[in-house]
Amino acid sequence: MIHPTAVISPKAIIGADVTIGPYCVINDNVTLGDRCHLHSHVVIDGHATIGADNEFYPFAAIGQRSQDLKYAGEPTSVLIGDRNTFRENVTVHRGTTAEPSVVGHDNHFLAYAHVAHDSIVGNHCILSNGATLGGHVTVADHVIISGLSGIHQFCRIGAHAIIGGCSKIVQDVPPFMIADGHPAALRGLNLVGLQRRSFTPEAIRSLKTAYKALFLKKEGNLTAQILAFTENAATQSPEVQHLLEFLATSERGIVR
């Protein structure tokens, strides 16, 4: 199902049962997986490798060149998994260097969401309308970034976190947390998200204990609080261990 007004490079690789609507443009070095659906006016450029069952709405622009001013025109790429939805005017830029920009599986990018160069988005994430990732941002699995929120370059968003609308994120957001504000601050555990994803009551209780010990104390720095909490806890749940590992590997600092 290819509309006669679509412009498709003979060098592009198009999978089986793909629908390409009116005025779409698919350039060289694009691989489009089986059963993808391009509604209309979609542009896919660069070295873009796209998996199966993805849906692209009008004016989505995928694989455009990096906006990093250091980019010198060398061939770079973007890798996209399966079953993602890209709504109207979504932009996903390819990497600046040999490392590609990466989008995983089962994500929803709502209208005007932007994934900048060298960013990595995991699986089962939602970027709401106007959500923006600066370059080199890493978003883990099951993250929700609400509308009109901006994520600064080189920040990380931990798994199962949720970012409130119109938030300004300039440091790493720990997994399992709610961050909201301008600039953002932690507001507590993402309890609704954890319950919806069938986390056990024991896991949620352990995360509540860790949150109170690590983030509600006014005195001391975070490193000291991590050490004290680790030494005082006889056992840690896998979720708390993941949280502590995330905190220990932060390079930009942690939203508090």
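The values are calculated or read from the model by the stated rules, or taken from the named source; none is laboratory data. None of the values given here were measured: they were computed from a predicted structure. Here the Cβ positions follow ideal geometry from the backbone for every residue, glycine too, while neighbour counts run over all protein chains shown.
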Would you confirm whether or not region 100-122 contains a residue that is out of contact with any strand residue (DSSP E or B) (no Cβ under 9 Å at 6 or more places or on another chain) and among the polar types (S, T, N, Q)?
no
Which of the residues spanning region 146-162 are without any contact (Cβ under 8 Å) to a residue 24 or more places away in the chain and under 16 Å from Asn107 (Cα atoms)?
Ser146, Ile157
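Regarding Ala203, is this residue modelled with pLDDT of 95 or more and surrounded by 15 or more Cβ atoms within 10 Å (Cβ to Cβ)?
Criteria met by Ala203.
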Going residue by residue through region 97-120, is there one that turns out to be under 10 Å from the mean Cα position of the chain (by Cα), in the same structural domain as Cys36 (by TED's automatic domain parsing), over 21 Å from Phe59 (Cα atoms) and hydrophobic (A, V, I, L, M, F, W, C)?
yes
Could you list, in sequence order, all residues of region 1-32 that are surrounded by fewer than 20 Cβ atoms within 10 Å (Cβ to Cβ) and under 21 Å from Pro100 (Cα atoms)?
Lys11, Ala12, Ile13, Ile14, Asn27, Asp28, Asn29, Thr31
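How many residues, within region 84-118, are polar (S, T, N, Q), crowded, with 21+ Cβ neighbours inside 10 Å and touching a Leu at 6+ places or on another chain (Cβ under 9 Å)? Break it down stepwise before answering.
Filtering region 84-118 down to residues polar (S, T, N, Q) leaves 84-85, 89, 91, 96-97, 101, 107.
Restricting the remaining residues to those that are crowded, with 21+ Cβ neighbours inside 10 Å gives 84, 96, 101, 107.
Narrowing further to those that are touching a Leu at 6+ places or on another chain (Cβ under 9 Å): 101, 107.
Total meeting the criteria: 2.
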Looking at region 77-97 only, could you name the residues that are polar (S, T, N, Q) and either touching a residue at least 60 places away in the same chain (Cβ under 8 Å) or under 17 Å from His114 (Cβ atoms) (or both)?
Asn84, Thr85, Asn89, Thr91, Thr96
Residues of region 41-83 classified as farther than 20 Å from His105 by Cβ, out of contact with any Ser or Thr (no Cβ under 8 Å at 6 or more places or on another chain) and surrounded by 17 or more Cβ atoms within 10 Å (Cβ to Cβ), total:
4
Lone qualifier among Glu239, Glu202, Glu251, Glu245 - being more than 18 Å from the chain's Cα centre (by Cα) and in a loop (DSSP other than H, G, I, E, B):
Glu251
